[in-house]
Amino acid sequence: MSDPLLDVDDVYQSYGEESVLEGITFEMERQDVKVLVGPSGSGKSTMLRCVNRLTDIDDGDICLDGDSIYDLDADELRRQVGMVFQDFNLFAHLTAIENVTLGLKRVLGLSEREAVEKAAWQLEEVGLREQANSYPAELSGGQKQRVGIARALAMDPKLMLFDEPTSALDPELIGEVLEVMRDLADEGMTMLVVTHEMGFAKQAATDVLFLDDGKLVEQGPPEQLFENPEHDRTAAFLSRLT
Ligand code: ADP
Ligand code: MG
């Protein structure tokens with residue numbers, strides 16, 4: 001049997017004295033789409049940040065495709081694990097296509113021509129062909145987030161992390177970003193997604209993970225967590241979201 005794509009094994013993390021993650025264990029097989037939910041401050045962002053080593057862990061291990069992420073070069077890890085942030089994290093002084101080509105040139109070592117070709121194709125995939133030469137300030141929030149997704153996808157990641165990708169968007173712009181994410185899930189991308197969009201979870205998630213106070217309280221297929229949760233805390237939390 002092959003290794004899971006992502007193996008999070010008994011992970012502990014703290015900021016100084018404050019313990020944040022307390023023994024988190026879960027696995028992701030290829031093509032899994034896991035949605036991580038939980039109250040504000042429960043450790044969701046920290047969990048994602050541990051996976052691409054923006055934050056170090058205190059104990060436990062995280063393996064990607066059989067290798068501890070601590071045995072991988074950080075640049076190589078971040079190429080293999082794409083991340084999409086709530087606030088887009090685009091470079092304001094670069095156009096959409098320049099935001100995408102930057103990593104292709106710096107990390108993958110593509111020539112300018114190769115990078116532009118790949119970035120143009122990737123922007124077209126997220127429906128932004130016409131916006132390639134626009135600056136972030138000229139784009140809507142939904143378009144900015146699609147540039148953020150294109151930038152991560154252009155690196156051919158094995159795994160995509162999304163940290164509340166639609167939380168900063170006006171309601172009417174959320175749908176276009178979720179649609180890109182659903183297409184990506186349908187194409188078989190492995191995705192770990194922090195979101196409050198339970199419609200997305202019901203449609204696209206293989207599993208929902210409920211994190212509370214740094215502990216993984218419960219995980220299972222969406223229908224199980226929504227309709228028949230094992231824990232009262234899960235039921236109470238999800239009933240507030242839906
Ligand atoms: P969530 O994403 O679920 O809202 P976070 O992972 O952002 O939760 O935060 C979990 C806990 O860690 C919170 O108590 C938060 O205040 C704390 N925390 C997050 N980032 C930092 C940091 N850089 N330094 C210190 N404490 C932090
Ligand atoms: Mg967060």
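Structure above, values below:
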item	result
Hits in the stretch 1-28 (condition: within 26 Å of Asp75 (Cβ to Cβ) and within 16 Å of ligand 2 (Cβ to nearest atom))	Gln13, Tyr15, Val20, Leu21, Ile24
Condition met for Thr55 (at pLDDT 95 or above, in a helix (DSSP H, G or I), within 16 Å of ligand 1 (Cβ to nearest atom) and β-branched (Val, Ile, Thr))	no
Options Glu124, Glu130, Glu114: the member that is among the acidic types (Asp, Glu), in contact with a Leu (Cβ under 8 Å, 6 or more places away or on another chain) and surrounded by fewer than 15 Cβ atoms within 10 Å (Cβ to Cβ)	Glu114
The stretch 29-48, subset over 10 Å from the mean Cα position of the chain (by Cα) and assigned to a helix (DSSP H, G or I), residue nearest to ligand 2 (Cβ to nearest atom)	Lys44
Sole residue being within 16 Å of ligand 1 (Cβ to nearest atom), at pLDDT 95 or above and surrounded by fewer than 18 Cβ atoms within 10 Å (Cβ to Cβ), chosen from Gly16, Gly43, Gly23, Gly38	Gly23
Selected residue (only one of Thr95, Thr25, Thr55 is of a type in the set (Ser, Thr, Tyr) and in contact with a Lys or Arg (Cβ under 8 Å, 6 or more places away or on another chain))	Thr55
Residue pairs meeting the criteria (Cβ under 8 Å; at least 6 apart or on separate chains; first on the phi > 0 side of the Ramachandran plot, in the stretch 122-136; second at pLDDT 95 or above)	Gly127/Arg146; Gly127/Glu176; Gly127/Val180
Helices (runs of 4 or more DSSP H) contained in the stretch 169-242 and holding at least 3 residues within 28 Å of Phe88 (Cβ to Cβ)	171-186, 198-204, 232-241
Test set (1) at pLDDT below 95; (2) within 16 Å of ligand 1 (Cβ to nearest atom); (3) charged (D, E, K, R) - Arg49 fails condition number	(1)
The stretch 71-87: number of residues that are under 15 Å from Gly148 (Cα atoms) and either surrounded by 16 or more Cβ atoms within 10 Å (Cβ to Cβ) or touching an Asp or Glu at 6+ places or on another chain (Cβ under 6 Å) (or both)	8
Only listed residue being under 15 Å from Val33 (Cβ atoms) and either among the hydroxyl-bearing types (Ser, Thr, Tyr) or more than 16 Å from ligand 2 (Cβ to nearest atom) (or both), chosen from Asp170, Asp156, Asp183	Asp183
Contacts under 7 angstrom Cβ, first residue in the stretch 157-173 being small (Gly, Ala, Ser), partner more than 16 Å from ligand 2 (Cβ to nearest atom) and modelled with pLDDT of 95 or more, 6 or more apart	Ala168/Gly141
Residues of the stretch 133-149 that turn out to be surrounded by 14 or more Cβ atoms within 10 Å (Cβ to Cβ) and in a helix (DSSP H, G or I), as a count	10
Residue in the stretch 196-205 that is surrounded by fewer than 22 Cβ atoms within 10 Å (Cβ to Cβ), more than 15 Å from ligand 1 (Cβ to nearest atom) and among the polar types (S, T, N, Q) present	yes
Exclusive hit being over 25 Å from Ala168 (Cα atoms) and surrounded by 13 or more Cβ atoms within 10 Å (Cβ to Cβ), set Leu104, Leu90	Leu104
Residues (out of contact with any strand residue (DSSP E or B) (no Cβ under 9 Å at 6 or more places or on another chain) and not in a loop (DSSP other than H, G, I, E, B)) located in the stretch 3-28	Tyr15, Glu18
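The values are calculated or read from the model by the stated rules, or taken from the named source; none is laboratory data. Fair warning: this is a prediction, and the values are worked out from it, not measured in the lab. In this analysis, Cβ positions are derived from the backbone assuming ideal geometry, glycine residues included, and neighbour counts consider all displayed protein chains.
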